[in-house]
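The values are calculated or read from the model by the stated rules, or taken from the named source; none is laboratory data. None of the values given here were measured: they were computed from a predicted structure. A quick note on method: Cβ atoms are made from the backbone with ideal geometry, for glycine too, and the neighbour counts reach across all protein chains shown. Each accessible area value is taken on the protein alone, full model and side chains, heavy atoms only, with ligands, DNA and RNA left out. Shrake-Rupley method; radii C 1.70, N 1.55, O 1.52, S 1.80 Å.
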Amino acid sequence: MIIFKSINKLNKEVNFKADIGFVPTMGALHQGHLSLIKNSQKKSNKTLVSIFINPNQFNNKKDYKKYPKNIQKDLKLLKKLKVDYVLIPSIKDVYANKSKKKFKIGKLNKILCAKYRSGHFEGVLSVINQFIKKLKINKIFLGEKDYQQYILIREFLKKNSNVKTILCKTIRMKNGLAYSSRNRLLNHKSIKESASLILKVKKLFNLLKKNLNNKSIIKNFINKNKIFNIEYLELRNKNNLSKKINKKNVKIFIAFYIQGVRLIDNF
């Protein structure tokens, strides 16, 4: 495993024609990240993992500062997986011209997380843009848990590059809760309660698929689970996130707060 702290140095020493899979992360690695890496290793000759907490995608400075970090533990995990290359760039290295340019997303995309996290996805697209400009990657591996992020990155890359997006399934704990770096900020009770909510959402989704027009079921569900401070609970088309849904293309999306921590999921 070779660790690079400079994008220029990585570009000089790595042969990108060797079919390299790219897994961008913000560190605090968990089983979900490890699954992305294993997928890349199966489908690529070499794998590059980046660890970069992008300040541009946080609309709350406190959230940015408290984001979990454990670089030594992350590197041990990556070494164990026999990852080929790890990139740990500085903010200056990623945004070399000092202009943290944020991309605008259209009004039609200001739904779900984009509706409530102003500037978040613009920040995500800005860092993805920097990576594809500076790294000669041809495929990127993304997780299904962050599904809206996947859709936006996929469409952005279609328009701006030849980089292929590969979607990888959500990895869950035994209790059903999706692995997330933010889970580390929760106590045992909150983890258990969050898992309970997610199981209820899954059951709700199975019920809704029998009658997609029964929107009162969602309203009643939110009212019964006010303890979780549900930000949104919506049915969307998995192909484009529109509201044009049917039993074959529908997904359910949720965002909620527990113990002051925001979690998202989808089925």
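Checking each residue in region 37-47 for being more than 12 Å from LYS139 (Cβ to Cβ) and open to solvent by less than 20 Å² (accessible area, probe 1.4 Å) picks out only ILE37. With LYS158, LYS69, LYS65 as the choices, which residue is over 21 Å from GLN41 (Cβ atoms), in a loop (DSSP other than H, G, I, E, B) and basic (Lys, Arg)? Residue meeting the stated conditions: LYS69.
Number of residues in region 129-180 that are closer than 19 Å to ASN39 by Cα and either more than 13 Å from the chain's Cα centre (by Cα) or hydroxyl-bearing (Ser, Thr, Tyr) (or both) equals 13.
When region 128-148 is filtered for residues that are within 18 Å of GLY21 (Cβ to Cβ), in a helix (DSSP H, G or I) and either polar (S, T, N, Q) or open to solvent by less than 20 Å² (accessible area, probe 1.4 Å) (or both), the ones remaining, listed by number, are ILE128, PHE131.
Scan region 1-50 for residues that are part of a strand (DSSP E or B) and aromatic (Phe, Trp, Tyr) and the total you get is 2. Among the conditions (1) closer than 14 Å to LEU177 by Cα; (2) surrounded by fewer than 18 Cβ atoms within 10 Å (Cβ to Cβ); (3) in contact (Cβ under 8 Å) with a residue 40 or more places away in the chain, the only one that ILE264 does not satisfy is (2). Residue count for region 200-252, restricted to those that are touching a Phe, Trp or Tyr at 6+ places or on another chain (Cβ under 8 Å) and over 17 Å from ASP265 (Cβ atoms): 0. Checked against the criterion of being modelled with pLDDT of 95 or more and either assigned to a helix (DSSP H, G or I) or touching a Pro at 6+ places or on another chain (Cβ under 8 Å) (or both), region 232-248 contains not a single residue that satisfies it.
Within region 175-192, the residues that satisfy the criterion of being farther than 18 Å from TYR147 by Cα, open to solvent by 50 Å² or more (accessible area, probe 1.4 Å) and in a loop (DSSP other than H, G, I, E, B) are ASN175, ASN187.
Looking at region 72-80, can you tell me whether even one residue there is over 17 Å from HIS120 (Cβ atoms), at pLDDT below 95 and within 19 Å of the chain's Cα centre (by Cα)? No: zero hits.
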